[in-house]
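Asker: Sharing a structure with you now.
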Amino acid sequence: MARTKTVHRCTECGWSSPKWVGRCGGCGEWNTLVEELDVRGESPSVGPPSSSPSRIADVIDISASARPTGLPEVDRVLGGGFVPGSVTLVGGEPGIGKSTLLLQLVGATAAAGVTSLYVSGEESAGQVRSRADRLGAVQDALWLVSETALPHIMTHIEKVQPEIVVIDSIQTLHDPNLGSAPGSVAQVRECANRLVTHAKAHGTTVLLVGHVTKEGTLAGPRVLEHVVDTVLEFDGDRHHGLRLLRAAKHRFGATTEVGLLQMDQSGLVTVEDPSGLFLADRVTGVSGSAIVATVDGNRPLLIEVQALVSESHLSNPRRSAQGVDAGRLSMLLAVLERRCGFPTGSSDVYALAVGGARVTDPGADLPLALAVTSSLTGEPLGDDVVAVGEIGLGGELRHVSHLDRRLHEAARMGFRRAIVPRGTDVEVDGLELLRAPTLAAAIAIAAVGPR
């Protein structure tokens, strides 16, 4: 007979305690324990082994059988497409477009004759059908059900026999044999394990939608990320149409690629020229603006960074950073003041990466520092100038990776001059390299210092 007791379980690592404590004894996080009902019955008997040992040379490489998704940018991130028997977890902020992305993907595969099942736990079937009409995803091979009970979902999967299953979302599923509520650690872990076991046994591709916390991490136990094969991060600014898809984990390929998509009324479309998109509305001849040649994954991008320095009337001047790292902005302001003689301690400083982009590349240090200096002095950078380089605490310019890709992209976009670290040994046709050993020398070359 099953026995029920109350336990407090950590939402981060799954550690449990008979009573509530402020700090988890497993991972050390604070205020992560939630109350659950722990149902224990007789231990199930172990059946015969599901497989037997074989020589590794005789095992089939399933990564070679990846199925294209219908969206080239998703195929780029996944290294070719969906692998049969794989389980992929897609995470992102609410409203960013996770459901739209997956419905569009299964609609495209269903159009190619691949039987797919979309399980909605958050919306009614009518709501999903309305979105499918807008996306052009209504296909005969695409099945739809609104369900949250795991046993019923497994029954539907056995009946339809789909090649691709979408679960939207894993936090809404529940197994009635467990006493805890949907979204709890036990429910998420058990439901995920059942789906992973089915995927491996039947060669079914399973796509799971996962919620994220306010810190931007995936909600639920950390074991959820361990049991799946791929973890995709769907990112972007809800006030802009640009969306970025990255792989935080991928057992079948590299995690260095990034996919760029544009959200419009008909769904997500591929961005053919990302640099052109970021620079489309650029206004030249304005102080406080600089172009950074960055690399996201293996893809070179040109992004405009802007800075505005104004007199502050507050005891603690404002420091605002959108799309750029606030910590690096503070460091650059300190280097500008200490090494170059540009005081900003009594000024409000605002920094922005235009177009909803997020720039975390150290190579953006130099253009951001030049943008701050330009705003401070009122002297604009040249319209045909890009800059790239990491800045050290001593004010020196340091080399960054993939510099040849960055500079070739700048030349393709029509730029003629590039301010780079002194040790740069790359040469690009049509692009004059202006080498500088320090930030102060780069400011002098860019002619944005005081006259």
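Asker: Would you mind finding the one in Ala353, Ala326, Ala364 that is within 25 Å of Gly241 (Cα to Cα), in the same structural domain as Ser401 (by TED's automatic domain parsing), of a type in the set (Gly, Ala, Ser) and surrounded by fewer than 19 Cβ atoms within 10 Å (Cβ to Cβ)?
Answerer: Among Ala353, Ala326, Ala364, only Ala326 is within 25 Å of Gly241 (Cα to Cα), in the same structural domain as Ser401 (by TED's automatic domain parsing), of a type in the set (Gly, Ala, Ser) and surrounded by fewer than 19 Cβ atoms within 10 Å (Cβ to Cβ).
A quick yes/no check of all residues on (1) out of contact with any Leu (no Cβ under 7 Å at 6 or more places or on another chain); (2) farther than 26 Å from Glu158 by Cβ; (3) in the same structural domain as Asp235 (by TED's automatic domain parsing); (4) modelled with pLDDT under 95:
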site: Ile96; (1), (2), (3), (4): yes, yes, yes, yes
site: Ala112; (1), (2), (3), (4): yes, no, yes, yes
site: Thr115; (1), (2), (3), (4): yes, no, yes, no
site: Tyr118; (1), (2), (3), (4): no, no, yes, no
site: Gly121; (1), (2), (3), (4): no, no, yes, yes
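Asker: Return yes when Glu337 is in contact (Cβ under 8 Å) with a residue 24 or more places away in the chain and surrounded by 13 or more Cβ atoms within 10 Å (Cβ to Cβ) and no when it is not.
Answerer: No.
Asker: Another question, then. When the stretch 280-323 is examined, which residues are found to be exposed (fewer than 15 other Cβ atoms within 10 Å of the Cβ), at pLDDT below 90 and in contact with a Ser or Thr (Cβ under 7 Å, 6 or more places away or on another chain)?
Answerer: Of everything in the stretch 280-323, just one residue is exposed (fewer than 15 other Cβ atoms within 10 Å of the Cβ), at pLDDT below 90 and in contact with a Ser or Thr (Cβ under 7 Å, 6 or more places away or on another chain), namely Asn298.
Asker: Among Val228, Val269, Val209, which is under 20 Å from the mean Cα position of the chain (by Cα), within 17 Å of Leu102 (Cβ to Cβ) and surrounded by fewer than 19 Cβ atoms within 10 Å (Cβ to Cβ)?
Answerer: Values: Val228 fails: surrounded by fewer than 19 Cβ atoms within 10 Å (Cβ to Cβ); Val209 fails: surrounded by fewer than 19 Cβ atoms within 10 Å (Cβ to Cβ).
Answer to the selection: Val269.
Asker: Any idea how many residues of the stretch 417-434 are surrounded by fewer than 17 Cβ atoms within 10 Å (Cβ to Cβ), touching a strand residue (DSSP E or B) at 6+ places or on another chain (Cβ under 6 Å) and charged (D, E, K, R)?
Answerer: 2
Asker: Let me ask another. For residues that are under 26 Å from Ser130 (Cβ atoms) and modelled with pLDDT of 90 or more, scanning just the stretch 240-258, find the one that is farthest from the chain's Cα centre (by Cα). Show your work before the answer.
Answerer: Of all residues in the stretch 240-258, those under 26 Å from Ser130 (Cβ atoms) come to 240-243, 245.
Now narrow it down to the ones that are modelled with pLDDT of 90 or more: 243, 245.
Numbers: Arg243: 9, Leu245: 5 Å.
Out of the qualifying residues, it is Arg243.
Asker: Then there is this: Say we look at the stretch 332-351 and pick out the residues that are under 13 Å from Leu376 (Cα atoms) and part of a helix (DSSP H, G or I); which of these is nearest to the chain's Cα centre (by Cα)?
Answerer: Filtering first and then ranking leaves Leu333.
Asker: Which condition does Thr255 not pass, out of (1) hydroxyl-bearing (Ser, Thr, Tyr); (2) closer than 23 Å to Val354 by Cβ; (3) outside any strand (DSSP E or B); (4) touching a strand residue (DSSP E or B) at 6+ places or on another chain (Cβ under 8 Å), if it passes all the others?
Answerer: (2) is the only condition that Thr255 fails.
Asker: If we scan the stretch 155-165, do we find a residue that is touching a residue at least 40 places away in the same chain (Cβ under 8 Å), within 24 Å of the chain's Cα centre (by Cα) and crowded, with 19+ Cβ neighbours inside 10 Å?
Answerer: Yes, some residue in the stretch 155-165 is touching a residue at least 40 places away in the same chain (Cβ under 8 Å), within 24 Å of the chain's Cα centre (by Cα) and crowded, with 19+ Cβ neighbours inside 10 Å.
Asker: Continuing with this model, one more query. Could we say that Ser99 is touching a Pro at 6+ places or on another chain (Cβ under 8 Å) and either surrounded by 22 or more Cβ atoms within 10 Å (Cβ to Cβ) or within 27 Å of Asn193 (Cβ to Cβ) (or both) here? Talk me through it step by step, then tell me what you get.
Answerer: Working: touching a Pro at 6+ places or on another chain (Cβ under 8 Å): no; either surrounded by 22 or more Cβ atoms within 10 Å (Cβ to Cβ) or within 27 Å of Asn193 (Cβ to Cβ) (or both): yes.
Against the criterion (touching a Pro at 6+ places or on another chain (Cβ under 8 Å) and either surrounded by 22 or more Cβ atoms within 10 Å (Cβ to Cβ) or within 27 Å of Asn193 (Cβ to Cβ) (or both)), Ser99 does not qualify.
Asker: Go through the stretch 167-200 and count every residue that is among the hydroxyl-bearing types (Ser, Thr, Tyr) and either modelled with pLDDT of 90 or more or under 23 Å from Leu103 (Cα atoms) (or both).
Answerer: Here the count works out to 3.
Asker: I would also like to ask the following. Among Ser116, Ser130, Ser120, which is surrounded by fewer than 13 Cβ atoms within 10 Å (Cβ to Cβ), of a type in the set (Gly, Ala, Ser) and over 20 Å from Lys249 (Cβ atoms)? Can you show your working first?
Answerer: Working: Ser116 fails: surrounded by fewer than 13 Cβ atoms within 10 Å (Cβ to Cβ); Ser120 fails: surrounded by fewer than 13 Cβ atoms within 10 Å (Cβ to Cβ).
Result of the check over Ser116, Ser130, Ser120: Ser130.
The values are calculated or read from the model by the stated rules, or taken from the named source; none is laboratory data. Model, not experiment: these values are computed from the prediction. Using ideal geometry, Cβ is built from the backbone for each residue, glycine included, and neighbour counts are taken over all protein chains shown.
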